[in-house]
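Data first, discussion second: the structure below is written as structure tokens.
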Amino acid sequence: MTLKIFNFPNSIISRYLLKSLVVFFLGIFFIIGLIVFGNQFVLTVQESVEHGIPIQELMPIVGFNMLRDLPIILSLSIFLSIIISISQFYKNSEAVVMNSFGMGDKSFIHLIQPVVVFLFLLVFALTIYAVPWAKQQKSFAEDETVNASEFSFISEGRFESFKNGEIVFYASESSQIDEAGEQNMEEIFIYVSNETAPIVVLASEAIKYTDSDNESIYLRLKDGVRYEGLPGDKNVNILDFDRYDLEIVSGEVQKSLSNFSEIEEKTSIDLLMEGGNLANAEIQWRLSQPISILILSFIGVLLAKTSPRTGKGVNLLFGIIIFMLYNNGLLVAKNSIESGQLNPFVGLWSIHILFILFIIIFYQFRQGKFSSFIAKISPL
């Protein structure tokens, strides 16, 4: 026996609504995608110019970023398109006629099922399979293109900062990173902020390398001078050195970034078998994105109900605020699980439950049954 939820309606009204919904969805998706993906392309071009990496080598990374961001863009697009398309029915008084025939919010929810269910399955496939694969391929692509992160490549003739601005570095000449992961530089200037006295280091040569034991990134300076204190101070320590190692990126930071990156790149089956806070947070996040489409579709239908005298865009504004609260709530819960502050059994499910309760209360309020609903759930 076919479940009722999959008995999609096929009538003039349903086709008219679905056509309107798809048109608005494609338009909103195009606009949001153009903004997000266009911004990523501009940043990639800027990164290519700054680091001297050919743009064609960075384009695969842009593609993987697009695939990574696709689920959230699809969720926002369908949510806003539901609000706009159904609002048009109310603005044109078509929904008033439908309500007179007994077709209310439940009917609208039933009519938009084909699009919502299709996007639910699409986002589910993306978050469970495609997005982790895209993140993994992006990591491989970054390694092949000199991994253009702020720690991996030092450009010549530019001041660069490390450790949240504690270290400022300058090299007049800089080579590409070799196969061993090392980078040679000449004519070095380094400024290190210190609680007691600032430190200035001048050196003729330097090599950037990664320590295999603690994974920290160091600068190995050669034939230089180290000044502790400012010129004119009474106590200025001057040290000539043949070799001096300076840590610019802590191994703990590297390991932390690596752990989060590896978790996001793992398959969903591996996450389920691994367990732990990071794996639980990531698998719940992946499942939450398709679930949020179902919940947001209900909220969109309720928010779309308006009158011709209502200000234009008011319900759309409320929709954007709710979407931001929903997704930020999921992110906060995800971070809380990762840090061990939130029990994984409560986890992101608590955010979904809160919004389901919001739907129930909002629906009862719109139907004028809020007081009777409160009386039913109140203790005797």
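The values are calculated or read from the model by the stated rules, or taken from the named source; none is laboratory data. Given the structure is predicted, the values throughout are model-derived calculations rather than measurements. Positions of Cβ are generated from backbone atoms using ideal geometry, with glycine treated the same way; all protein chains shown enter the neighbour counts. What goes into the accessible areas is simple: the full protein's heavy atoms, side chains included, and nothing from ligands, DNA or RNA. Shrake-Rupley method; radii C 1.70, N 1.55, O 1.52, S 1.80 Å.
Each of the peptides 216-224, 281-289, 238-246 was scored by the mean count of other Cβ atoms within 10 Å over its residues; in descending order, highest first, they stand as 281-289, 216-224, 238-246.
From the cross-link list Lys208/Lys334; Lys106/Lys135; Lys19/Lys106, which pairs have alpha carbons spaced over 28 Å apart?
Values: Lys208/Lys334 35 Å; Lys106/Lys135 39 Å; Lys19/Lys106 19 Å.
Table pairs above 28 Å Cα-Cα are Lys208/Lys334; Lys106/Lys135.
Expressed as a whole percent, the accessible surface of segment 287-364 that belongs to carbon and sulfur atoms is 74, based on a 1.4 Å probe.
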